[in-house]
Amino acid sequence: MFNFDWLSGVSQETAKMIFLSLYALIGILVLLLPTEYVYEGIAKEDRHWWNNLKLWSIAVLCILASIYNHF
Amino acid sequence: MLAGIDYFIVIAYIIGMLLLGLYFKKFVNSSEDYFLGGKSLPFWAIGMSIVVSDIGALDFVGVSGQAYRYGISVGNFDWVGSVPAMLLAAFIFIPYFWRGGMYTIPEYLGRRYNQKVRTIASVTWILFFALDLGVLFWASAVLLNVLMGWPIWISIVATAGVVGLYTYFGGITAVIMTDVVQFVIMFIGGFALVFLSLYEVGGWDNMVDKIATMGPEYRNHFDIIQPQDTKSPFPWTGILFGLTFVMANAYMIGNQSIVQRCLTAKNEWHAKASMIFGSALKMFIPILVLFPGLMAVVVHPGLADGDQALPMMIKSILPPGLVGLMFAAFFAGLMSSVDSLLNSTATLFTKDIYEPFIKKGADDKHYLKVGQITTLVLLLIGVATSPISSDFPGIYVAIQTFMSYFQGPIFAILLLGIFWKRTTEWGGLSALVIGIGFAVYLNVFKEQFFTIEDPFLYISWWSFLLGFIINVVVSLLTKKHTEEQLKGLVFSSKILVENKKL
């Protein structure tokens, strides 16, 4: 049990899909955050798409997913 | 090994760091300036500082060595082992700590659970950091001794003098701003080695083809996901459960030296952005530390000790001038780790031990002085204990193992503390004590329980799980906290939309 033997039947390809699904799930959760919350600390007139932290996070997750997809 | 130009680069780097760090002395007028940079720093500086303090010279050598032996799966630590945890920290934990005006993670645990939990967590971190300090001083002295020919004790005193001076006077602002320069140097030195190594092996595709033909032991060298039954320390189950779910979160959310940097941000957006920016930079770290190890498989096949991979690559590939830059990058990694340890330990001691137990209610200048004196005392302890590393060569690994005992249980109580109102002080305390005890037990009897080479990822997961269960069970059996006690300490959807002040 301690060695996760019960997951020995899971192939490397399936395991990779589990990781990619995790990134997708995190991405969805980030998108669900209220926009007001991710801009908190920036004055309303200074809020632009480039300081939207949701976009930053999605970009980072996309790069991460592409690395796992490639290797 | 170094040429004249290399000496010049290294010495110019050391003097430059000292002057830059001392420049920030003029910004320190209160304990908040010293420990939290007056809450005035921008996200980009904090993000770079998080990344550079996370990677030391020992990691450069160690990760390259592991990449030589196990392949690209070592990169999991900087990819899946960082990014998801940093996003969780950015959007959930950091805003709570930042809005609550906290200085330390144990301070949150003290408010959420009780003083005992705060003290246990704080003392454990202080012990770990103080021990680590001596090891890092020794490592930097060995580097200076081998490459510059300086005697060990002069090297130790030189490192302690330079880092100690700017950390003593400039506090965390000096630590973070010198980290920015160290980050740039580390990246320039690291990428120079990667590009020249790639040229040497005839490009990426050529390297992959060559390694693929080197025998069955290299069959999985380019598989980032390793099978569950691999003998390497990185099966995908350990990466998912131990690293992604536990160790990464415990490190990014529960590590004082990481979180304290985010608390220096000038506002909440910068605090969150620093973590996300840091996660983007983190994805480049494997290129710097892992790729040279992979390329060494082609350039220097059959090395008995994988940790020789990086030094061999530097020796055989880099021209004079770049060797000095690479050495400055090593030294930058060491200095950024040492200054982080000094400032974080001084913060933990002043805020979690001195203020509540030794002198309550003193004026702010007093605590500023205590923080500075603690930095000085830690320096002396670090210098005095550094020779232990030569008597016990495995001490660095032993310290890291000691930390892995702590990671699972600490993350269990942080997670439940912030997400579950019903968690009680007794639940947290028993989870911490029993969880750490269980991790120690699993490590002592690891041959009986585990089949892989070094099961630290599995130990983290199982000690986390037990800590989690103990916390839930004991909390349900003990008296719950009042709404007043929990105000501003437990996650509520309100924080996302309206609860700006906790």
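Quick notes on this structure:
- About the centre of its Cα atoms, the stretch B:4-393 shows a dipole size close to 1120 debye [charges on the beta carbon of Lys, Arg (+1) and Asp, Glu (-1) only; nearest 20 debye].
- Nearby lysines by direct alpha-carbon distance to B:K359 (threshold 17 angstrom, same-chain neighbours under 8 apart not counted): B:K351, B:K369
- Cα long-axis angle, helix B:322-348 against chain B (0 to 90 degrees, to the nearest 10): 10
- Peptide A:2-15 is shielded by partner chain Cβ atoms: per residue, an average of 6 of them sit within 10 Å of its Cβ.
- Contact order normalised by residue count of the stretch B:4-393, Cα under 8 Å, 6+ apart, percent: 41
- Relative packing of B:252-259, B:122-129, A:23-30, which averages over residues the other C-beta atoms within 10 Å, highest first: B:252-259, B:122-129, A:23-30
- Exposure proxy shown here: for B:T230, B:T350, the number of other Cβ atoms within 10 Å sets the order, fewest to most, as B:T230, B:T350.
- Extended-chain gain in nm, criterion 0.36 nm per residue less alpha-carbon gap, B:L376 and B:V184: 66.3 nm
- Nearest-20 debye value, the protein assembly as shown charge dipole, Cβ charges on Lys, Arg, Asp, Glu: 1700
- Proportion of all alpha-carbon pairs of chain A beyond 15 Å (%): 64
- Highest-fluctuation residue, A:L32, A:L61, A:L20 considered, GNM on chain A with Cα pairs under 10 Å: A:L32
- Contour excess over end-to-end distance, with Cα ends at B:H300 and B:K39 and 0.36 nm allotted per residue: 89.1 nm
- Label-reachable residues, the stretch B:345-371, where backbone N falls under 17 Å from a point 7 Å from B:S30's Cα toward its Cβ: B:351, B:361-371
- In Hz, Karplus ³J(HN,Hα) per residue of the stretch B:188-198 (6.51, -1.76, 1.60; θ = phi - 60°; x = Gly, Pro): 5, x, x, 5, 4, 5, 5, 5, 5, 5, 4
- Taking the centroid of alpha carbons for each part, the stretch B:289-339 and the stretch B:269-287 are 24 Å apart.
- Placing unit charges on the Cβ atoms of the charged side chains and taking the dipole of the stretch B:4-393 about its Cα centre, the candidate lying farthest along the positive direction among B:H366, B:L376, B:I258 is B:H366.
- With the charge dipole of the stretch B:4-393 set up from +1 on Lys and Arg Cβ and -1 on Asp and Glu Cβ about the Cα centre, the Cα lying farthest toward the positive end among the listed residues B:G161, B:P387, B:G302 is that of B:G161.
- Order by protection proxy (mean Cβ within 10 Å, highest first), peptides B:211-223, B:435-447, B:152-164, B:286-298: B:286-298, B:152-164, B:435-447, B:211-223
- Placing R0 at 56 angstrom, the Cβ-Cβ distance between B:Y199 and B:Q115 gives a FRET efficiency of 0.45 after rounding to 0.05.
- By the count of neighbouring beta-carbon atoms within 10 Å, fewest first, B:W236, A:W49, B:W204 end up ordered A:W49, B:W204, B:W236.
- Residues of type aspartates and glutamates that B:K282 reaches as a straight line, Cα spacing below 17 Å, ignoring anything fewer than 8 places off in the same chain: B:D54, B:D59, B:D78, B:D179
- Surrounding net charge for B:R112, when Lys and Arg each add one and Asp and Glu each subtract one, Cβ distance under 10 Å: 0
- Three-way shape call for the stretch B:331-463 based on the alpha-carbon gyration tensor, with the a/c threshold at 1.5: oblate
- The protein assembly as shown: proportion of alpha-carbon pairs further apart than 44 angstrom, %: 13
- Cα gyration tensor shape of chain B, rounded if a/c is under 1.5, else prolate or oblate by comparing a/b with b/c: oblate
- Stokes-Einstein D for the stretch B:33-172, Kirkwood Rh over Cα pairs, 37 °C, 0.692 mPa s (µm²/s): 180
- Pairwise Cα separations in the stretch B:176-298 fall into 5 Å bins from 0 onward with the following percentages, short to long: 2, 9, 13, 16, 16, 15, 14, 9, 5, 2, 0.
- The equivalent ellipsoid that matches the C-alpha gyration tensor of the stretch B:98-242 spans semi-axes of 38, 28, 17 angstrom, in descending order.
- For B:Q226, nonlocal amide neighbours, meaning residues 5 or more places apart or on other chains whose placed amide H falls under 5 Å from its own, are B:W236.
- From its DSSP helices (H runs of at least four residues, each -39,500 (n - 2.57)), chain B gives a residue-normalised ellipticity at 222 nm of -22500 deg cm²/dmol.
Since every read-out is calculated from the coordinates, none of them should be taken as a lab result. Keep in mind that this is a model prediction, so the values were computed, not measured. Please note: Cβ atoms are built from the backbone with ideal geometry, for glycine as well, and neighbour counts cover all protein chains shown.
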